[in-house]
Amino acid sequence: MASRYYLLILWSAIYMENTFAQNLTSSMNLQNISALPDGCGPYVKSMYYALCDLKSAWGIVIETVAALGIFTTLVLALIFLALAPSVTRDERKGSIAINFMFLIGVLGIFSLVFAFLIAPNAAVCACRRFLFGVLFAMCFACLVAHSVRLNYLVLQNRGPGGCLVFLLAIGLFMVEAVINVEWLLITNVRHSLWSAELPGSPCNITNQDFVTALVYVMFLILASLLIPCPVLCGHYLQWKRHGKYIVATAFSSIIIWVTWITMYLYGNDKLGYKQVWDDVLLAVALLTNGWVFIFFYIIPELVEMKRAGYQYETDSLSVMKRLSESPPSIIVENRAFSMDNLEANEQAENRRTQDKPVSPYSNYSGIYPTLPLYPAEMETVSHIHLPRVSMEPWRYHL
């Protein structure tokens with residue numbers, strides 16, 4: 001009996017202990033839930049609160065627009081891959097590689113928006129600083145390479161090959177990648193070999209340093225605006241349309257960049273929201289420029305892939321078009337000149353024919369006489385006359 005009482009008391013103690021632990025855990029969860037923003041679950045880390053906080057709806061709006069941009073870019077990439085095999089008989093196939101590279105850059109721009117919505121740490125700041133300039137450099141390098149190729153196409157309807165243009169875009173893009181790598185090493189690795197100082201945090205940079213690292217990207221934006229300008233004065237109208245798309249994209253991008261750089265360096269500080277609006281401003285700049293790339297360049301280029309009328313200059317239709325565009329007065333003048341001097345031309349031709357020396361083989365037509373050569377009649381072959389050189393002493397003064 002005593003053992004039963006001891007077991008009962010032990011079971012009661014364990015039950016009360018478990019009940020107390022459950023109550024304590026539930027009370028702690030209630031405290032955590034009360035501290036969480038509306039819309040975020042208890043297992044969401046604090047660095048991701050901007051993605052789910054219903055009170056600060058700007059994060060949800062920005063991530064929704066960015067997700068829509070990613071989805072749109074993927075759909076356009078699939079359409080591009082579906083239309084690419086149909087472009088095989090004209091000069092449009094030379095820009096397929098750089099346009100696909102441009103799509104990859106736009107996809108990366110929309111994906112980078114999420115790095116500016118979460119709380120910064122060393123890895124996030126390094127990702128921001130490196131990819132912001134590199135992804136924009138990829139897009140504008142493709143625009144510059146396409147503009148260089150269009151300057152050839154608009155004059156003679158022939159231009160550099162697709163591999164050469166793609167290598168040009170890769171070279172322009174890699175310059176910014178090298179600049180950003182060196183910038184990260186210089187600004188972060190601040191300790192020398194003989195000191196024990198820790199490297200600096202990637203987040204400990206000023207806004208001026210961030211903008212200074214993007215000078216090469218600004219050069220590419222300006223080049224993508226100026227290089228296609230001669231294309232607008234070319235001869236072939238189909239290539240002029242491509243130049244207009246690039247100019248519109250570059251001009252809109254310049255407006256966006258001037259706006260966000262001004263706010264990033266001076267505007268936020270003047271308004272007193274320097275620490276709050278900096279990341280939001282960069283995220284909005286990425287979104288705006290990404291949608292400009294889609295509406296002003298990618299969609300028009302896809303439309304051009306379905307157009308007809310892109311032919312080589314050596315084709316019959318293009319040659320007839322070029323001849324029809326020449327002044328008709330020259331053709332009439334040449335035709336009248338040939339009709340007026342028809343008799344004179346015939347007389348000159350007869351005179352040249354008479355003045356030519358007569359060949360000794362002029363009487364030979366090249367046809368040998370043929371006889372039925374049977375074994376019994378082989379003796380009759382001797383009477384066949386073969387052609388001989390006719391020496392006429394009155395023509396050859398020996």
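The values are calculated or read from the model by the stated rules, or taken from the named source; none is laboratory data. Because the structure is predicted, anything quoted here is derived from the model rather than measured. Glycine also receives a Cβ, built like all others from the backbone with ideal geometry; neighbour counts cover every protein chain displayed. Side chains included, ligands, DNA and RNA excluded: accessible areas come from the protein's heavy atoms. Shrake-Rupley method; radii C 1.70, N 1.55, O 1.52, S 1.80 Å.
What the table below lists for this structure:
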read-out: Carbon + sulfur, % of accessible area of region 45-158 - ligands and nucleic acids excluded, 1.4 Å; value: 73 percent
read-out: Per-pair calculated FRET efficiency, R0 = 30 Å: residue 61 and residue 204 via Cβ, rounded to 0.05; value: 0.55
read-out: 1.4 Å probe accessible area per residue over region 42-125, in Å²; value: 49 Å²
read-out: Carbon/sulfur fraction of accessible area - region 226-298, other protein chains in place, 1.4 Å, %; value: 72 percent
read-out: Per-peptide average of other Cβ atoms within 10 Å, ordering 123-130, 217-224 highest first; value: 217-224, 123-130
read-out: Simple spin-label estimate for residue 184 and residue 251 in nanometres, 7 Å along Cα-Cβ; value: 3.7 nm
read-out: Relative contact order [Cα under 8 Å, 6+ residues apart], region 101-177, whole percent; value: 35 percent
read-out: Net length gained if the chain between residue 54 and residue 237 were fully extended (0.36 nm per residue, minus Cα distance); value: 60.7 nm
